[in-house]
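Heads up, the thing below is written out as structure tokens.
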Amino acid sequence: MDQVTRPKHAVPQPRVTSFDVAALAGVSQSSVSRAFSKRSNISEDTRQKIFEAARKLNYVPNSIASSLTTRRSNIIALIIGDLKNPFYVRMLHAFSERLQAEGRQILAFTAGPDDDTDAVMMRVLQYQVDGIIVTQARLSMRMTGLSHERGIPIIFFNRYVPGSDASCVRCDNAAGGRVLAECLLRAGAKSFAMIAGEARATTSHDRISGFVERLRESGVRPQDIETAEGFSTYDGGVIAIQKLLKDRKAPLPDALFCINDIMAMGAMDVMTHSYGLSVPTDIMVASFDNIPESGRLPYQLTTIEQPLDAMITETLKLLHLDDPGSGIELGLDRPIPGPLIWRATIPGSAPDAATLATL
């Protein structure tokens with residue numbers, strides 16, 4: 001009879017502690033703890049001696065145990081509302097890279113457009129996080145206060161809630177809208193269509209507000225500005241432009257402004273492939289975000305770039321992660337100008353810096 005081979009099971013070994021590593025390396029236990037922190041002031045020779053002992057013992061630091069001692073987890077919660085927009089995927093990656101370089105980690109939570117953000121916050125607060133970054137603006141004052149009472153700062157990223165105690169870091173969206181309106185006006189546009197995002201989003205509101213404000217200052221009549229809702233998605237941009245163009249008897253608008261690149265790309269695909277329109281010959285297009293896809297050959301979008309690196313730097317600065325004892329700064333607003341990225345969807349050349357500075 002053939003012998004049956006039974007599966008082998010790993011036998012758990014006693015967990016190696018930082019005290020074991022300290023004994024082998026000939027250092028104190030506190031030196032072992034500091035060696036695995038990127039922000040510690042331990043000498044490089046001592047650090048390497050500890051790492052070598054850790055390798056021999058197969059030691060892995062216990063971050064949970066460390067957080068019980070220091071009351072700092074080095075974990076930042078990020079509540080993300082829209083992963084269909086490539087900008088937020090890029091943002092998640094950029095935050096993760098920056099924090100990992102500092103010896104910290106991201107704990108991501110998703111909140112869809114119909115989700116209760118307060119309920120998501122309650123899940124976040126079950127964890128010992130050092131700070132919370134929110135890309136959804138529908139967070140109640142109660143939840144903000146609850147977090148702050150626990151010493152956990154909240155920063156709205158690319159959003160704000162008027163009157164909230166939470167600080168915010170955002171692109172200067174209204175200023176960017178004015179710049180794009182000026183670019184289209186200088187290129188000769190007299191009639192306009194706009195594809196807006198979510199009605200409750202401050203980002204969409206501010207971009208539209210700045211754009212329309214500049215048009216009105218230049219004498220553009222309200223009847224020469226059309227608007228369709230695009231819900232900030234590619235498919236939304238497709239549906240919105242179809243509504244604007246279907247069975248159209250009036251002349252085409254001279255220019256289309258989309259509040260983000262992903263909607264502009266959906267609209268351009270429909271205009272090009274379904275209606276045979278040429279951009280910018282038949283209609284000019286401008287948008288916002290400067291996601292990597294916007295620069296690809298089928299699009300070459302003129303857009304306002306969200307200054308992601310500067311926004312992340314300011315967000316981490318406001319969280320005071322290295323100095324939690326300094327307290328939580330309440331209700332600060334940090335708008336950061338976004339540069340104009342000039343490409344092929346508007347004819348001619350970009351306005352000079354002096355002109356843009358006057359807007």
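The values are calculated or read from the model by the stated rules, or taken from the named source; none is laboratory data. Given the structure is predicted, the values throughout are model-derived calculations rather than measurements. Note that we place each Cβ from the backbone using ideal geometry, even for glycine, and neighbour counts take in every protein chain shown.
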Quiz prompt | Output for the range 157-176, where each listed residue is of a type in the set (S, T, N, Q) and not in a helix (DSSP H, G or I) | solution = Asn158, Ser164, Ser167
Practice problem: Mind listing whichever residues of the range 191-225 are surrounded by fewer than 16 Cβ atoms within 10 Å (Cβ to Cβ) and among the charged types (D, E, K, R)? | Solution: Arg200, Glu213, Arg216, Glu217, Arg221, Asp224
Quiz item: Quick one: what pairs do we get from the range 311-332, first residue assigned by TED's automatic domain parsing to the domain that holds Ile152, second basic (Lys, Arg), C-beta under 6 Å, 6+ apart or different chains?
Solution: Ile312/Arg98; Glu314/Arg334
Exercise. Taking only the range 304-345 into account, find how many residues are in contact with a strand residue (DSSP E or B) (Cβ under 9 Å, 6 or more places away or on another chain) and part of a loop (DSSP other than H, G, I, E, B).
Key: 16
Quiz item: Going by the structure shown, is Ile152 in contact with a Gly (Cβ under 7 Å, 6 or more places away or on another chain) and among the aliphatic types (A, V, I, L, M)?
Solution: yes
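For residues that are basic (Lys, Arg) and closer than 25 Å to Asn260 by Cα, scanning just the range 75-110, find the one that is modelled with the lowest pLDDT. Quick ask: steps written out before the conclusion?
Taking the range 75-110 and keeping what is basic (Lys, Arg), we get 84, 90, 98, 104.
Going one step further and asking which of them are closer than 25 Å to Asn260 by Cα, we end up with 84, 90, 98.
Details: Lys84: 81, Arg90: 94, Arg98: 95.
For the range 75-110, the residue satisfying everything is Lys84.
Checking the condition modelled with pLDDT of 95 or more, among the basic types (Lys, Arg) and within 21 Å of Thr303 (Cβ to Cβ), which residue from Arg178, Arg216, Arg159 passes?
Just a single option satisfies the conditions, and that option is Arg178.
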Exercise. Of all residues in the range 250-274, count the ones that are more than 15 Å from Ser191 (Cα to Cα) and either modelled with pLDDT under 95 or among the polar types (S, T, N, Q) (or both).
Key: 3
Quiz item: Restricting the search to the range 230-266, which residues are part of a loop (DSSP other than H, G, I, E, B), closer than 22 Å to Asp172 by Cβ and among the hydrophobic types (A, V, I, L, M, F, W, C)?
Solution: Ile259
Quiz item: Is there a residue in the range 271-285 that is closer than 25 Å to Ser96 by Cβ, in a loop (DSSP other than H, G, I, E, B) and touching a helix residue (DSSP H, G or I) at 6+ places or on another chain (Cβ under 9 Å)?
Solution: no
Exercise. List every residue pair whose Cβ atoms lie under 7 Å apart, where the two residues are 6 or more positions apart in sequence or sit on different chains, the first residue falls within the range 257-283 and is within 27 Å of Thr202 (Cα to Cα), and the second residue, located anywhere, is of a type in the set (Lys, Arg).
Key: Ile259/Arg207
Quiz prompt | Filter result (within 23 Å of Arg98 (Cβ to Cβ) and either of a type in the set (Lys, Arg) or not in a helix (DSSP H, G or I) (or both)) within the range 26-41 | solution = Arg34, Phe36, Ser37, Lys38, Arg39, Ser40, Asn41
Exercise. Might you check whether a residue that is surrounded by fewer than 24 Cβ atoms within 10 Å (Cβ to Cβ) and under 16 Å from the mean Cα position of the chain (by Cα) occurs anywhere in the range 172-181?
Key: yes
Quiz item: Does Gly188 fit the bill of being touching a Lys or Arg at 6+ places or on another chain (Cβ under 9 Å), assigned by TED's automatic domain parsing to the domain that holds Thr345 and touching a residue at least 40 places away in the same chain (Cβ under 8 Å)?
Solution: no
Practice problem: Would you check if there is a residue in the range 303-320 being over 19 Å from the mean Cα position of the chain (by Cα) and on the phi < 0 side of the Ramachandran plot? | Solution: no
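What are the residues in the range 148-169 that are under 16 Å from the mean Cα position of the chain (by Cα) and free of Cβ contacts under 8 Å to residues at least 24 places away in the same chain, if any?
Ile154, Phe156 - these are the residues of the range 148-169 that are under 16 Å from the mean Cα position of the chain (by Cα) and free of Cβ contacts under 8 Å to residues at least 24 places away in the same chain.
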Practice problem: Give the residue that is surrounded by the fewest Cβ atoms within 10 Å (Cβ to Cβ), with candidates limited to residues of the range 233-264 that are aliphatic (A, V, I, L, M) and over 25 Å from Gly112 (Cα atoms). | Solution: Ala250
Practice problem: Go through the range 111-156 and give me each residue that's modelled with pLDDT under 90, assigned to a helix (DSSP H, G or I), of a type outside the set (A, V, I, L, M, F, W, C) and out of contact with any Asp or Glu (no Cβ under 9 Å at 6 or more places or on another chain). | Solution: Thr117, Asp118
